[in-house]
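Here, each number is a calculation from the coordinates, and none is a lab measurement. Predicted model, so just to flag it, every value in this text is computed and none were measured. In this analysis, Cβ positions are derived from the backbone assuming ideal geometry, glycine residues included, and neighbour counts consider all displayed protein chains.
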Amino acid sequence: MDRGKKTDVTQQPLGVAVVGAGYWGPNLVRNFQASDRFRLRHLCDLDVERARRVLGGYSTVQATADYPAVLADPEVDAVAVATPAGTHLDIALAALRAGKHVLVEKPLAATYADGMRLVTEAEERGLTLMCDHTYCYTPAVGRIREAVRSGELGEIHFVDSVRINLGLVQKDIDVLWDLAPHDLSILDFILPDTVEPVAVAAHGADPIGAGHACVAYLTLRLNTGAIAHVHVNWLSPTKVRTTMVGGAKRTLLWDDLNPLQRVAVYDRGVDLASPHEIGVDERRDMLVSYRSGDMVAPALGEKEALRSMVEEFADAVRERRAPLTDGRAGLRVLDILEAASRSLQFQGAVVGLRAGH
């Protein structure tokens, strides 16, 4: 697809099918039905009765377990995949080969190699492939992206994210693959295009004998020399969802669980005189100065992130451009997750990341 060229496309609602009526599928169903940019035509699930319950008794949307029939429907322009990660490759690949645009729940695929197959297929066919990195469409994360990319915070020195709560302990994946995709997708979204992670080290523990890490810490080294840290935990008695982005000028704190002040920007920090600005004798005793300025809590909108996400999907399809969280964004997250898993296996060894996604 020529992403640099916008073409006139129909403004008729896009026909969409949702695959998966489990945890996330109903949320997609609700938002597609509420959007005037889409017409929901099918909800596909192996458990047809569950799909019918999701749709309700008065819905005209077809509940079905026949995925090939869904793909054969010429009125279906796009498919949204909300199934376990291990099934994403087969379901999404079939949709792309049927000429459908595809939205995939995080993570993009179970492995980087599978994700690359999807990205390549979509690009070769000129189709939109989008990752449902929902947090990237919240007003708060949009404000963080603006603050980082505009230079409001200055050069980024560190990012510190915490996502901890009690459960839910998963059977098939560790806490890294369960929770960290949220924070890694946010990091990928907010950083300027010239700033990227180049290596990761991960440490984890399984104190309850679940068979995989229930507590984990990731440290990412950025190409600027800055670091980003992510803490994920299934065993915390308290729920915490915070991200701090520290810059040379200001520091931003996002507390997702504080509805009264989700985002705060602090004009506080540490300054160190440059060696070029002081004399030779003074260099031995460089003075550290501490700034203690104001805190500003910017007003944020209240639009539902999923609504913004489905609208971005529609706009990307119609305008023939890459969505904000495209397949390659999903690939970058998968790259970090796989490298972090290798680091865990080798007791926290630093693992380099791929370049040029």
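Note that the range 67-76 has calculated 3J(HN,Hα) couplings of 5, x, 5, 4, 5, 7, 6, x, 7, 8 Hz, one per residue in order, obtained from phi through the Karplus relation 6.51 cos²θ - 1.76 cosθ + 1.60 (θ = phi - 60°); glycine and proline are x. Within the chain, the whole DSSP H helices whose Cα atoms reach 24 Å or more along their own axis and whose mean Kyte-Doolittle score is at least -1.0 are 327-345. Each label point was placed 7 Å from the Cα along the Cα-to-Cβ direction; for E304 and T120 their separation is 3.8 nm.
Label point of S59 set 7 angstrom out along Cα-Cβ; within the range 290-328, amide nitrogens under 18 Å from it belong to 306-307, 310. Under 19 Å from a label point set 7 Å out along the Cα-to-Cβ vector of N223, the amide N atoms of the range 131-148 belong to 148. A dipole drawn for the chain from +1 and -1 charges on Cβ atoms has a positive end, and of G167, A314, Q12 the residue lying farthest that way is Q12. Once you sort the root eigenvalues of the Cα gyration tensor of the range 14-127 as a ≥ b ≥ c, which label holds: rounded (a/c under 1.5), prolate (a/b larger than b/c) or oblate (the other case)? Cα axes put the range 14-127 in the prolate bin. Residues considered: Y266, Y67, Y58. Largest GNM mean-square fluctuation over the chain, using C-alpha springs under 10 Å, is found at Y58.
When the chain is fully extended, how far beyond the present Cα-Cα distance does T238 get from Y23, taking 0.36 nm per residue of separation?
Details: separation 215, 0.36 × 215 = 77.40 nm, distance 2.29 nm.
Contour length minus the Cα-Cα distance gives 75.1 nm.
Sorted fewest first by neighbouring Cβ atoms within 10 angstrom, C44, C131, C214 come out as C214, C44, C131. As a rough footprinting exposure proxy, the listed residues I190, I156 were ranked by other beta carbons within 10 Å of their own, and the order from fewest upward is I156, I190.
Taking the chain as the region of interest, the number of lysine pairs whose Cα atoms are within less than 29 Å, with members eight or more places apart or on different chains, is 11.
Between M295 and D271, what length comes free when the chain is fully extended (0.36 nm per residue of separation minus the Cα-Cα distance, one decimal in nm)?
Working: separation 24, 0.36 × 24 = 8.64 nm, distance 1.77 nm.
The span from M295 to D271 would gain 6.9 nm if fully extended.
Over the chain, DSSP H runs of length four or greater, each weighted -39,500 (n - 2.57), average out per residue to a 222 nm ellipticity of -9500 deg cm²/dmol. Just so you know, the averaged projected area of the alpha carbon convex hull for the chain sits at 21.3 nm².
Counting Lys +1, Arg +1, Asp -1, Glu -1, what net charge surrounds D188 among other residues with beta carbon under 13 Å of its beta carbon? Spell out each step's value before the answer.
Numbers: positive: K106, R145, R149, R328, R332; negative: D183, D193, E196, D326, D335.
That works out to 0.
On a full-extension model of 0.36 nm per residue, what is the gain between Q12 and Q33, subtracting their alpha-carbon distance, rounded to one decimal in nm?
Taking Q12 through Q33 to full extension adds about 6.1 nm, to one decimal.
Dipole magnitude for the chain: about 340 debye, using +1 per Lys or Arg Cβ and -1 per Asp or Glu Cβ, origin at the Cα centre.
Looking at the range 136-198, which trypsin sites (Lys or Arg not before Pro) are in a loop (DSSP not H, G, I, E or B) and have at most 16 other Cβ atoms within 10 Å? Show your work: numbers first, answer last.
Numbers: sites: R143, R145, R149, R163, K171; in loops: K171.
Those satisfying the criteria are K171.
Could you put H231, H133, H101, H182 in order, starting from the residue whose Cβ has the fewest other Cβ atoms within 10 Å? The most exposed by this proxy come first: H231, H182, H101, H133. The local environment of L118, defined by Cβ-Cβ distances under 15 Å, has a net charge of -2 under the rule Lys, Arg +1 and Asp, Glu -1. The H on the amide N of G247, modeled in the peptide plane, is under 5 Å from the matching H of H157, L252, each at least 5 residues off or on a different chain.
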